Amino acid sequence: MKKCSKCSETKPKSEFPFQNKSIEKLMSHCKSCRKLYQISSRWKDIEKTRSRDKERYYANQEVRKESAKRFRKNHPEKTRATMLKSKYGITQDDYNSKLVEQNNKCAICGRDMADYGKIFCVDHNHTTNKVRGLLCDPCNYGLGFYEKHSDKYIKYLKLYE
């Protein structure tokens, strides 16, 4: 147990960040107080903070890109989960439920995902962002083109009836 110098609360040592990890020296204030301090100090001079952050980003841009590539390669399931959540607002469990609902088949052509050999795309309405179903690549591309040019497709097909 250790007493925080900021909030004066006695907390477990695990609640204190390391000042020097090699000799296991802890900081005098807890992680919660440290976080509040960092947030307030960043907002004191936000333009200076943004400028410094931008300089650091560009100075280490290649290292950051390589690090991100390694992470994506080593953690594909986390990368996919993040993409599903940010792009479509669904979790991997939601995706799996939809796949079970569709009997592991493309919602349009009925191709089995095991036979297809790739995971299905998440089809969604681009206006409402609501997920409609899971599609194989050819159906997803075809539907995308049809949505953009449906009037042209209909006009063309009527020409040759």
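Restricting attention to the range 123-150, and to residues there that are modelled with pLDDT of 90 or more and among the charged types (D, E, K, R), which single residue is surrounded by the most Cβ atoms within 10 Å (Cβ to Cβ)? Step by step, filter the range 123-150, then rank; the result is 123.
Just one of the numbered conditions (1) of a type in the set (D, E, K, R); (2) surrounded by 13 or more Cβ atoms within 10 Å (Cβ to Cβ); (3) closer than 19 Å to residue 140 by Cα is not true of residue 64: (3). Given the condition surrounded by 11 or more Cβ atoms within 10 Å (Cβ to Cβ), touching a Pro at 6+ places or on another chain (Cβ under 7 Å) and part of a loop (DSSP other than H, G, I, E, B), answer yes or no: does some residue in the range 26-42 qualify? Yes, the range 26-42 contains a residue that is surrounded by 11 or more Cβ atoms within 10 Å (Cβ to Cβ), touching a Pro at 6+ places or on another chain (Cβ under 7 Å) and part of a loop (DSSP other than H, G, I, E, B).
Quick grid of which residues meet (1) assigned to a helix (DSSP H, G or I); (2) touching a helix residue (DSSP H, G or I) at 6+ places or on another chain (Cβ under 9 Å); (3) surrounded by 13 or more Cβ atoms within 10 Å (Cβ to Cβ):
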{"position": "51", "(1), (2), (3)": "yes, no, no"}
{"position": "90", "(1), (2), (3)": "no, yes, yes"}
{"position": "93", "(1), (2), (3)": "yes, no, no"}
{"position": "103", "(1), (2), (3)": "no, no, no"}
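For the range 18-48, the set of residues classified as in contact with a helix residue (DSSP H, G or I) (Cβ under 6 Å, 6 or more places away or on another chain) and at pLDDT below 90 consists of 42 only. Of all residue pairs spaced 6 or more apart or on separate chains, those with beta-carbon atoms under 8 Å, a first member in the range 140-161 that is among the hydrophobic types (A, V, I, L, M, F, W, C) and a second member that is not in a helix (DSSP H, G or I) are 143/108; 143/123; 143/135. How many residues are charged (D, E, K, R) and not in a helix (DSSP H, G or I) if we restrict to the range 107-161? Total satisfying the criteria: 7.
Among the numbered conditions (1) on the phi < 0 side of the Ramachandran plot; (2) surrounded by fewer than 14 Cβ atoms within 10 Å (Cβ to Cβ), the only one that residue 110 does not meet is (1).
The values are calculated or read from the model by the stated rules, or taken from the named source; none is laboratory data. Note that this is a predicted model, so its numbers are computed, not measured. Here Cβ is always computed from backbone atoms with ideal geometry, including for glycine, and neighbour counts include all displayed protein chains.
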